[in-house]
Amino acid sequence: MKILIACGGTGGHIFPGLSLTQELNERGVSDVLLVGTDHPLEVKLFGSFGLPYRLMPVAKLSANPIKFLKFLVRFITASLRSVKLLFEYRPDVVVGFGGYASFPICKFAALMGKPLFLHEQNCEAGLANRLLALLARRVAVSFKETERAFGKKAVFTGNPIRRKLLSVKKEDALKYYKLDPDKFTVLVLGGSQGSQKINMIVGGMLGLLNEEEKKQTNIIHIAGIKNYDDMRKKYEGSGVDGCVCDFLEDIGYAYAMADLIVSRAGATALFEIAALGIPSIMIPYRFAGGHQYHNAAALEKAGGAIIMDELGLTPQMLKDKIFELKNDKERLNKMSDAAKRFAVPDAATRFADLICNTLSPRGEG
């Protein structure tokens, strides 16, 4: 069986696609082609995993006339390349992980009669998947709340995560980071491309820490490529023990160190954090349809996270919340247990089962 997986756009789309690929490979499905965008981060990620991949030119839909023209040109180019690739590769199945990057190739695959399976990562279904669902066999969803958006085609699987994250030991992480194991470690995540807002708030918080608080705390901060140099300089002058990096392809050590995570609420990060049972403060990105808020709200409702709205959020407010949680171990333990109950660590297995069972002679598809 030949399977094409369209999973470009952000790291949050790529990693679930890679997780599904690993699961399929272990079942003997070795002919899998990954399709992403020509963003430099994606080129780096796809290349590092040593898997076959193709890149498509894409641009985000925009109301700005100039940006819309760019989108239109790149969409037409991606559509033509998608048709060419489908004829060349001739997949038996196409899987799309949502977002604007997967739309052209998934649409043409379905119109050419290829079985199409979708995965909706977010609690609030995105426009691309809502449109493509009309052509799909099944739509796997990360959140139970999303099933209603796709009716009978929806199947709850959870969001595929990187399996190796679950096996990283804290002892190995301590050797990697060389941080004090007795200190409370906060991991700051802003998504695969970083978050300028979170960087600004955490950067401001560094100057508010007194000497005793600095002695009690480690911070591992993934700042994103654009803001890495500025954040590194802020930490160097702060007296806070920590580690600043632009992007972590292998984030397992950082997760293993973390006692608390401050993060955006993209679905992939959220489900990785939940599977590891790490309490979190979620600061959802307010734009892109507001889908991150709905993701975070689901985990907060389950008891595994606290939401702080970035609108009006100050460095002092974040500092107070971090140390409030640090000093309440019973609450942290309850949040950890709730996050684990919310998690779906076998999501890749569930999604692979859905594809294989639907296509089997006795399947429903």
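No lab work stands behind these numbers, since they all come straight from the coordinates. The model shown is predicted, which means the values in this text are computed figures rather than measured ones. Please note: Cβ atoms are built from the backbone with ideal geometry, for glycine as well, and neighbour counts cover all protein chains shown.
Taking every alpha-carbon pair under 8 Å whose residues sit at least 6 apart, the range 164-342 reaches a relative contact order of 24 percent.
Would you work out the charge dipole size for the range 164-342 about its Cα centre, treating the Cβ of every Lys and Arg as +1 and the Cβ of every Asp and Glu as -1, and quote it to the nearest 20 debye?
Approximately 280 debye in magnitude.
Helix 315-326 and the longest principal axis of the Cα set of the chain meet at an angle near 90°. When Rg and Dmax of the Cα atoms in Å is computed from the coordinates, the matching label among (1) 21.9, 69; (2) 21.6, 76; (3) 20.8, 67 is (3). Relative to the longest principal axis of the Cα atoms of the chain, the long axis of helix 11-26 makes an angle of roughly 60 degrees.
Centre-to-centre separation between the Cα atoms of the range 146-218 and those of the range 2-35: 24 Å. Pairs exceeding a 29 Å alpha-carbon distance, out of LYS67/LYS153; LYS70/LYS234; LYS234/LYS301; LYS2/LYS164; LYS152/LYS334; LYS144/LYS170: LYS67/LYS153; LYS70/LYS234; LYS234/LYS301; LYS152/LYS334; LYS144/LYS170. The relative contact order of the chain comes to 15 percent, based on Cα pairs under 8 Å that sit 6 or more residues apart. Against the chain, whose longest principal axis is taken from its Cα atoms, helix 291-302 shows a tilt of about 60°. All other residues whose Cβ lies under 14 angstrom from that of SER62 are scored, Lys and Arg at +1 and Asp and Glu at -1, for a net of +4. For the chain, the Cβ-based charge dipole about the Cα centre amounts to some 1180 debye (Lys, Arg positive; Asp, Glu negative; other atoms uncharged).
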